[in-house]
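Trainee: First the structure, then my questions, so here it is.
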Amino acid sequence: MTDALAGKAATPRDVLSGTSPSADHSEGMSYLQSLPRRLVTLYLPLGIILLILLFPFYWMALTSIKPDEQLLDLETYSPFWTWSPTLKHITKLLFETQYPTWLWNTMLVAVCATGLSIIASVLAAYAIVRLRYRGAQWVGGAIFLAYLVPPSILFIPLSTVVYQYGLFDTPFALILTYPTILIPFSTWLLMGYFKTIPFELEECALIDGASRWQILTRIVLPLAVPGLISAFIFCFTLCWNEFIYALTFISSTHYKTVPVAIVTALVDGDIYRWGSLMAGAMIGSLPLVVLYAFFVEHYVSAMTGAVKE
Amino acid sequence: MAIALDQSRTKREYRDVNAWTRLKANSNWLGFWFMLPAAAFLILFLAYPLGLGVWLSFTDARLGREGVFVGIENYDFMWDDTVFWLSVFNTLLYTGVASIIKFAVGLYLALLLNENLPFKAIIRAIVLIPFIVPTVLSAIAFWWLYDPQFSIISWSLKKMGLITQNIDFLGDVWNARWSVIFANIWRGVPFIAITLLAGLQTVSPSLYEAATIDGATTWQRFRHITYPLLTPIIAVVMTFSVLFTFTDFQLIWVMTRGGPVNATHLMATFSYQRAIMSGYLGEGAAISTAMIPFLLAAIMVSWFGLQRRKWQQGGDND
């Protein structure tokens, strides 16, 4: 659809490091601006935006290590810092609640759903891009439309479907429904990657007598590893983030995922609940942040890849 | 005779093998098997429920009970329901305001990040963090930031002498609306900024140099170079943004559950309340189905955005 644009689009590495493929010098025209001017027009607004973007996380982390009495007494202690950090909230969360179970559930659901989706998407994307069966283009379009169907209009009928199939209140309800969100996205992403693999490689292999399956596993997949990683971590993030299906399809506390469990099971009438709530939110997002730290480029390529097509 | 029979058999075997090999190489046949897993998922858990949802909206189904066809009764009821219209109003307000601000701030942030900065890579990586952290978990952080008694925002404003009373962020009708809209903007800006940044980097710097030599101001450079070249990607990004803002559920559910007095109910949270909390699946399905026309409108916008991109490139790329 947009091959011409995709051809000159920046690679994710470039997006992050800022070297545009068409730029021949890194400084650009910025020498035209004086330092005071840059301070006001660039560093100041950027600083404010970054501060606003990051403050909730700082507050989350700070709250989770503050002692209870400092949490609610904003006058005696400076609210922006604490000199007596405590691990009480975190240990309470890990040893007195079912938090580890919820973490495990989330991890299990995310890994299984992502795995299933990647397998299905690789096959589908390869078939659409390279097998070019009759109607492949239409199927590609349909998959893009499926990407635009949001979970919030599907959860009501889906809950009756899940009930009919006997999956209600089991992890399978989530493992089998999450792929509907993930498959359209990752198929679309992988189609983009497969298109970049030279067709000649496959022709050579075909002449040498390789079957389509061998071509896929021996030639295409090894070359598409960056795309696979992007699809995998992005799907994993989406799974971890999913809320409405998990809220609707799971009712037993020990099957809940972290986002749902925090909202439904951890919120109680306790006035001191904020410490453990924030600790729960922090630990719940930690796996994704760590993953993100290692694969920043892949995230960016997944994001831009999804809109580029 | 025997020889002839033998011959015909070999011939047939040969043909059999040939047919099988041909079938194996037939792209339609192979394509069918390759598509099967994805198609099975999407048909069983996406297409079928989508149709079922429309059907449910014409029945009086309850949670755990099959419904019977009742015609447009649910829609009729919905039409006279003030809370439904309030939720439509809220959804449009939420989507409209949040999308416009997200776009403006996102574009501004993208332009800032496109400048030559020290520690560029790290800053850009940091910007994306709100997008990575699960929405529910950051919504909880906002819930705490918006606490009526111990909100750090109220505290800071009081210390600065700007207000005397704590702000009741989530308890007052309009405060609650602006608060959830702010949280949504906060969550959505990084996505827009980073995707637009990717688009900005495809713009050749020589265009800016040429324009500067011709005496163009900063605004003119933006208006006549950056913006036109960025329109295609803006169209796509904003379609996604509008779509996901319109169907938002998580932020609202965590922070207000639609309250106070339904002031922040979006159509998605309202349908959840009707269908799952109260058990009226039919009514809930009708509310969800009422969202579909809006989504189609968003998809049309995306479609025409893509058309325009084709036209701009002057090519007939597939």
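The values are calculated or read from the model by the stated rules, or taken from the named source; none is laboratory data. Computed from a predicted model, the values in this text were never measured in an experiment. Note that each Cβ is placed from the backbone with ideal geometry, even for glycine, and that neighbours are counted across all protein chains shown.
Trainee: Could you tell me whether the stretch A:138-146 includes any residue that is under 25 Å from residue B:268 (Cα atoms) and either of a type in the set (Phe, Trp, Tyr) or outside any helix (DSSP H, G or I) (or both)?
Mentor: yes
Trainee: Please go through (1) within 13 Å of chain A (Cβ to nearest Cβ); (2) touching a Ser or Thr at 6+ places or on another chain (Cβ under 9 Å); (3) of a type in the set (A, V, I, L, M, F, W, C); (4) within 24 Å of residue A:54 (Cα to Cα) for residue B:196 and return the number of the only condition it doesn't satisfy.
Mentor: Every listed condition holds for residue B:196 apart from (2).
Trainee: Separate question: Pairs needed: first member in the stretch B:193-219, touching a residue at least 12 places away in the same chain (Cβ under 8 Å) and of a type in the set (Phe, Trp, Tyr); second member anywhere, surrounded by 15 or more Cβ atoms within 10 Å (Cβ to Cβ) and part of a helix (DSSP H, G or I); C-beta distance under 6 Å; at least 6 residues apart or different chains.
Mentor: If the second residue must be surrounded by 15 or more Cβ atoms within 10 Å (Cβ to Cβ) and part of a helix (DSSP H, G or I), the pairs left are B:208/B:221.
Trainee: Something else now. Is there any pair linking a residue in the stretch B:127-145 that is within 7 Å of chain A (Cβ to nearest Cβ) and over 15 Å from residue A:238 (Cβ atoms) to one that is among the basic types (Lys, Arg) and in a helix (DSSP H, G or I), with Cβ under 6 Å and at least six apart or on different chains, and which?
Mentor: Within 6 Å, the pairs are B:130/B:187.
Trainee: Surrounded by fewer than 18 Cβ atoms within 10 Å (Cβ to Cβ), within 14 Å of another protein chain (Cβ to nearest Cβ), at pLDDT 90 or above and out of contact with any Pro (no Cβ under 6 Å at 6 or more places or on another chain) - does that describe any residue in the stretch B:90-101?
Mentor: Yes, there is a match, as at least one residue in the stretch B:90-101 is surrounded by fewer than 18 Cβ atoms within 10 Å (Cβ to Cβ), within 14 Å of another protein chain (Cβ to nearest Cβ), at pLDDT 90 or above and out of contact with any Pro (no Cβ under 6 Å at 6 or more places or on another chain).
Trainee: On to the next question. For the stretch B:195-310, which helices (runs of 4 or more DSSP H) that fit wholly inside it have 2 or more residues that are surrounded by 19 or more Cβ atoms within 10 Å (Cβ to Cβ) and aliphatic (A, V, I, L, M)?
Mentor: Correct list: B:227-246, B:250-255, B:267-272.
Trainee: Continuing with the same structure: Would you confirm, using the coordinates I've provided, whether residue A:240 is without any contact (Cβ under 8 Å) to a residue 12 or more places away in the chain and either among the hydrophobic types (A, V, I, L, M, F, W, C) or surrounded by fewer than 21 Cβ atoms within 10 Å (Cβ to Cβ) (or both)?
Mentor: No.
Trainee: Taking the conditions exactly as written (charged (D, E, K, R) and part of a loop (DSSP other than H, G, I, E, B)), does residue A:134 satisfy them or not?
Mentor: The answer is yes for residue A:134.
Trainee: Those residues that are over 18 Å from residue A:260 (Cα atoms), buried (at least 19 other Cβ atoms within 10 Å of the Cβ) and of a type in the set (Val, Ile, Thr), I need them from the stretch A:91-119; list them, please.
Mentor: Within the stretch A:91-119, A:114, A:118 qualify.
Trainee: Evaluate the stretch B:220-232: report whether one residue or more is more than 21 Å from residue B:265 (Cβ to Cβ) and at the interface with chain A (Cβ under 9 Å from one of its Cβ atoms).
Mentor: yes
Trainee: Counting only residues that are surrounded by 21 or more Cβ atoms within 10 Å (Cβ to Cβ) and either touching a Pro at 6+ places or on another chain (Cβ under 6 Å) or at the interface with chain B (Cβ under 7 Å from one of its Cβ atoms) (or both), how many does the stretch A:132-158 have?
Mentor: So the count comes out to 9.
Trainee: Mind listing just one residue for me: the one in the stretch B:249-278 that is within 11 Å of chain A (Cβ to nearest Cβ) and over 16 Å from residue B:180 (Cβ atoms) and, of those, farthest from the chain's Cα centre (by Cα)?
Mentor: Among those residues, the one meeting the criterion is B:277.
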